[in-house]
Amino acid sequence: DRQTLVAVLQFLRRSNLRESEEILRREARLLGDDLGGNVATVATSSPGVAAVAAVPPGKGEARGDCGVGPSSGREPREAGSPCAARSLGGSPLCWDTRVGAVVVEDQPDVSAVLSAYNQQGDPTLYEEYYSGLKHFIECSLDCHRAELSQLFYPLFVHMYLELVYNQHESEAKSFFERFHGDQECYYQDDLRVLSSLTKKEHMKGNETMLDFRTSKFVLRISRDSYQLLKRHLQEKQNNQIWNIVQEHLYIDIFDGMPRSKQQIDAMVGSLAGEAKREANKAKVFFGLLKEPEFDVPLDDEDEEGENEEGKPKKKKPKKDNVGSKSKKQDPNAPPQNRIPLPELKDSDKLDKVMNMKEAARRVRLGPECLPSICFYTFLNAYQGLTAVDITDDSSMIVGGFADSTVRVWSVTPKKLRSVKTAADLSLIDKESDDVLERIMDEKTASELKILYGHSGPVYGTSFSPDRNYLLSCSEDGTVRLWSLQTFTCLVGYKGHNYPVWDTQFSPYGYYFVSGGHDRVARLWATDHYQPLRIFAGHLADVTCTRFHPNSNYIATGSADRTIRLWDVLNGNCVRIFTGHKGPIHSLAFSPNGRFLATGATDGRVLLWDIGHGLMVGELKGHTDTIYALRFSRDGEILASGSMDNTVRLWDAVKAFEDLETDDFTTATGHINLPENSQDLLLGTYMTKSTPVVHLHFTRRNLLLAAGAYSSQ
């Protein structure tokens, strides 16, 4: 987009970023001061890189809009790849922490962004143009009508904004009142924001407006329908609408049958339309990493048990199997050393051994064998429960509260104890066998520990896999790392300038991710006080974050109603999933790493095939926001927990079998969702009046659920 490019160049010049300006000129083939001439299409990645690369390190961070302001030289913003993370990309994960500080101007040259609305037609004719197009689409053949109807919403918004920007306020008002009722129901919230923009001045500070303006709205339409539309607009010489289509919409044209209303409805609804098909083409290594091999010693009791039965040899080979369950390398797995992962300590190995023993006693779940559910209800939680997590071995539960406290409970008879003071530790014989027991101070034993430090509601909590650390993130803009040996705060990570909605440890520990109101997700390592990666591209708050089981990818859900999958190695966005009609609040990867389940305020659970980048299922049943999703340990059952006070269990095996992921489907996005989500529902469990905020399967497949009793 040439106009935007010129605005960025001028901005760089004003900011004395000569080097970036030169790089950008070279990339865009604009030489010298000559901003004239026909600009070849700009390589979309360059401005993103240029605008960040030349920033002097360590200047703190103003806003995480991709390292490039809304008037960036990138065309559609939603592709996600040319973001700040890209420029910080190629290096290995441990890099000089100062580089993490990306300076981002708050909103450079908003006027340049808005000026595209200047080319105005006759304001009195806008209603005529729109109703003419509406009449044409409604009278077209059924097969084209569903596809062309997608144009109504983006055209309505842009025509309305154009009227407002050019100060035709009464025309804008009558245009809005006449046509806003025709829009799909899932755009109601956006239309409410839009209706409050009635003056040119309102547009300058409105983020939703700027997003709509800077990111091209993506529509996926078959070639036949597109030709029909183009012919109509050219015959009618309806330049106003044609200009908007070319300037503000990205039409992703595919060859083949037009899609049906159901197929389109399943995929649309996000702030920027659908994802382009290219956005989901990159290769994703969704397989699991090979587990390190070590011998699993047999318990004495196991051996005794065996001998009594008179079959001593029976169990040994089985145990070996458990230890070597992933000897074969998964063909879809990333290379073992693709990202540096922490080495296993002896305590981790012991824990793995425990885990394997528990796994041997695990209940195989299925439609005939549903899990028992143990519900932890927080009673009298007047502090307002805002987050819950449970350790992998199910020994501790943590609650984050609106009164800014973090409370940790032991849910086993073993009480929580702190390490002794330094003076007492020096008296301990370090060689003794039970040294780990001796360092604990019995006087501090209690069922509950309260951690103070945040200065706002705590929205996310996450235990480290080794249970030594706990993360919490808060409205105060910080993520805190707490020691579960001393129950004190070790680090406060400052990077987000706004509330942080979620945080989660990597399944291997050491790395963690956070996402917040600044629309950016950040990847951290516990020993770096600056982020290692910044994942920018969402158009609204990042509401939830999840690591893939192999730790090479991170999924983020956002209030822009999309889910993105990011590559930890280089910061690229490798998948964009659209289809939810409200902000995303829960994410869960299947244990085999192939599938992702997502839940949102629309009460639907959507299922995604990560390798093909396709939606493969929709589970309907909940009537309110879904805050918790979890697969059972072997992936046979998906549990979902919602604000409607229910836990529902779904048959995951059946949901993912016989998937039609042929090349045609992948190429065109003609997804055929089975209408049988009721057949997949295995059970619904009501609480009395407790919204479900967290779910967790124990190592033996008992389902734990948690929430705070609400008395209304």
For segment 528-547 the number of residues that are surrounded by 24 or more Cβ atoms within 10 Å (Cβ to Cβ) and part of a loop (DSSP other than H, G, I, E, B) is 3
Meets criteria (of a type in the set (A, V, I, L, M) and either at pLDDT 85 or above or open to solvent by 40 Å² or more (accessible area, probe 1.4 Å) (or both)) for V164: no
If you go through D182, D224, D265, D255, the only one that is touching a Lys or Arg at 6+ places or on another chain (Cβ under 8 Å) and either surrounded by 21 or more Cβ atoms within 10 Å (Cβ to Cβ) or farther than 29 Å from T124 by Cβ (or both) is D255
Within segment 565-584, restricting to residues that are touching a Gly at 6+ places or on another chain (Cβ under 6 Å) and part of a strand (DSSP E or B), the one that is nearest to F697 (Cα to Cα) is I584
For segment 285-317 the number of residues that are in a loop (DSSP other than H, G, I, E, B) and either at pLDDT below 85 or within 30 Å of F217 (Cβ to Cβ) (or both) is 15
So, A600, is that one more than 26 Å from D466 (Cβ to Cβ) and either free of Cβ contacts under 8 Å to residues at least 60 places away in the same chain or open to solvent by less than 10 Å² (accessible area, probe 1.4 Å) (or both) or not?
yes
The residue from A282, A333, A359 that alone is surrounded by 14 or more Cβ atoms within 10 Å (Cβ to Cβ), at pLDDT 85 or above, in contact with a helix residue (DSSP H, G or I) (Cβ under 7 Å, 6 or more places away or on another chain) and not assigned by the TED database to the domain that holds R699 is A359
Considering segment 661-712, residues that are of a type in the set (V, I, T) and modelled with pLDDT of 90 or more, and then whichever is surrounded by the fewest Cβ atoms within 10 Å (Cβ to Cβ), we arrive at T684
Inspect all residues belonging to segment 365-385 and state whether any of them is touching a strand residue (DSSP E or B) at 6+ places or on another chain (Cβ under 6 Å), closer than 17 Å to N468 by Cα, open to solvent by less than 60 Å² (accessible area, probe 1.4 Å) and in a loop (DSSP other than H, G, I, E, B).
no
Review point. Would you say L133 is over 33 Å from the mean Cα position of the chain (by Cα), open to solvent by less than 20 Å² (accessible area, probe 1.4 Å) and modelled with pLDDT of 85 or more?
Key: yes
Checked pairs for segment 401-429, first open to solvent by less than 30 Å² (accessible area, probe 1.4 Å), second of a type in the set (V, I, T) and part of a loop (DSSP other than H, G, I, E, B), C-beta under 7 Å and 6 or more apart or across chains, list as S418/T486; I428/I439
Selection over segment 240-254 where residues are among the acidic types (D, E) and at pLDDT below 85 yields a count of 1
Residue pairs qualifying under the 9 Å Cβ cut-off, at least six apart or on distinct chains, with the first in segment 333-350 being in contact (Cβ under 8 Å) with a residue 60 or more places away in the chain and assigned to a loop (DSSP other than H, G, I, E, B) and the second being aromatic (F, W, Y) and open to solvent by 70 Å² or more (accessible area, probe 1.4 Å), are L341/Y508; P342/Y508
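The values are calculated or read from the model by the stated rules, or taken from the named source; none is laboratory data. On a predicted model such as this, the values are computed, not experimentally measured, just so you know. Backbone-built Cβ (ideal geometry, glycine too); neighbour counts: all protein chains shown. Note: accessible area is taken over every heavy atom of the protein model, side chains too, but ligands, DNA and RNA are not part of it. Shrake-Rupley method; radii C 1.70, N 1.55, O 1.52, S 1.80 Å.
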